[in-house]
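Notes to accompany the following structure.
Only the coordinates and a few stated rules stand behind these numbers; no lab work does. The model shown is predicted, which means the values in this text are computed figures rather than measured ones. Every residue, glycine among them, receives a Cβ derived from its backbone with ideal geometry; neighbour counts consider all protein chains shown.
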Amino acid sequence: MIFMKNSIKLLLLSAAVTLISCGEGRKVKTTDKDTQSPEANVFVPEFNRDSAYAYIEKQVAFGPRVPNTQAHKACSDWLSATLQRFTSHVTVQQARLKASDGTMLDAKNIIASFNPENSSRILLCAHWDSRPWADHDPDPANRRKPVPGANDGGSGVGVLLEIARQMSIHNPSLGVDIVLFDAEDYGEHQDLQGSADHSWALGSQYWARNPHTPGYSARFGILLDMVGAENPAFTMEGTSMYHAPGIMRKVWNVAHSLGYQNYFLNRKTGPITDDHLYVNEILRIPTIDIIDYDPDRDKGFFDQWHTVNDDMSNISKETLKAVGHTVLTVVYTTK
Ligand SMILES: [Zn+2]
């Protein structure tokens with residue numbers, strides 16, 4: 001990923017949501033000015049953190065999901081079969097994509113749609129591939145080895161699979177598309193020092209130009225990237241704030257109303273190149289990135305980012321719950 005200059009400013013938000021407990025799920029009473037839905041009293045299913053964790057474990061067990069490898073192929077088969085258990089509307093979009101080193105990647109974007117007939121839609125997305133090179137590993141001997149991708153790749157997908165499972169049990173009132181992007185993390189090796197443009201997020205660039213449904217649109221989108229580490233800092237990332245500030249405030253308000261203000265921080269950070277950039281710029285769907293990013297850290301991301309140690313030992317069920325609970329609540333309370 002590529003960073004630009006940082007502008008940090010505190011933004012104070014006030015949440016306007018109250019909660020009432022109800023059975024296994026929750027009833028949420030919400031006043032949401034961003035969506036112009038003054039009163040909603042709706043059921044929100046309970047996000048199961050153990051289930052999300054198990055979905056990450058399963059992905060990691062295939063081995064690094066690097067395009068053109070057997071692990072990548074096996075994982076894509078498992079992802080589409082798993083999503084087919086939750087909805088009959090699963091599309092596997094295949095594409096041959098050229099990486100910045102010239103490699104032709106056999107890529108697959110995997111799309112699961114709920115209520116496809118509904119024109120009022122929400123887009124949820126994450127990348128499912130993992131990085132071919134651990135080029136930020138402290139040990140130079142590891143920097144050509146692949147990344148296990150538990151947090152970077154696996155976590156966002158794990159949360160979305162659990163959300164899909166919940167939606168298969170409790171059908172949401174809106175249309176929802178879960179898009180798992182391929183080839184996000186094949187951006188050029190750190191040694192080349194950023195000589196190639198647009199070398200990241202190849203799958204989302206392709207999908208944004210060739211959506212699975214012609215003329216596809218959604219009211220807004222939420223991208224999940226690196227949402228599994230302990231003590232994350234989900235800051236208000238600049239690309240999201242540029243293209244979709246209202247959606248960011250809406251999602252942050254929901255997170256704070258649920259008690260996750262220590263995860264979702266009212267702190268603006270610089271723009272990041274991630275899948276949401278292309279969804280915003282090409283498809284013009286206002287899309288935010290929930291990403292663990294603190295520019296005051298050494299690498300900005302979690303300690304094991306782009307190392308051979310991005311494994312299950314760094315995945316926190318509490319963090320998965322905070323993200324999954326928040327996103328599910330957004331899906332079920334949006335009118
Ligand atoms: Zn990455």
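Legend: ranking of residues 282, 111 from fewest to most surrounding C-beta atoms inside 10 Å; resulting order 282, 111.
Taking 8 Å as the Cα distance limit and 6 or more residues as the minimum spacing, I'd like the relative contact order of the chain as a percentage. Computed over the chain, the figure is 25 percent.
Any of 73/321; 250/335; 108/299; 58/335; 58/145 with alpha carbons more than 24 Å apart? Name them for me. Going by Cα-Cα distance, 73/321; 108/299; 58/335 fall outside the 24 Å limit. When only C-alpha pairs under 8 Å and at least 6 residues apart count, what is the relative contact order of the range 144-278, in percent? Over the range 144-278, the number comes to 28 percent. The angle separating the long axis of helix 317-333 from the principal Cα axis of greatest extent in the chain is about 50 degrees. Placing +1 on the Cβ of every Lys and Arg and -1 on the Cβ of every Asp and Glu, with nothing else charged, gives the chain a dipole about its Cα centre of roughly 1000 debye. Taking the square roots of five times each eigenvalue of the Cα gyration tensor of the range 104-160, the equivalent ellipsoid has semi-axes of 33, 13, 7 Å, listed largest first. Here the sum of -39500 (n - 2.57) over DSSP H runs of 4 or more residues, divided by the residues of the chain, equals -8500 deg cm²/dmol at 222 nm, to the nearest 500.
Counting every pair of alpha carbons in the range 277-332, the share spaced more than 19 Å apart comes to 52 percent. Cα centroid separation, the range 37-94 to the range 297-320: 20 Å. Ordering 237, 57 by the number of other Cβ atoms within 10 Å of each residue's own Cβ, fewest first, gives 57, 237. In the range 45-333, the C-alpha radius of gyration followed by the widest Cα-Cα span (Dmax) gives 17.1, 52 angstrom.
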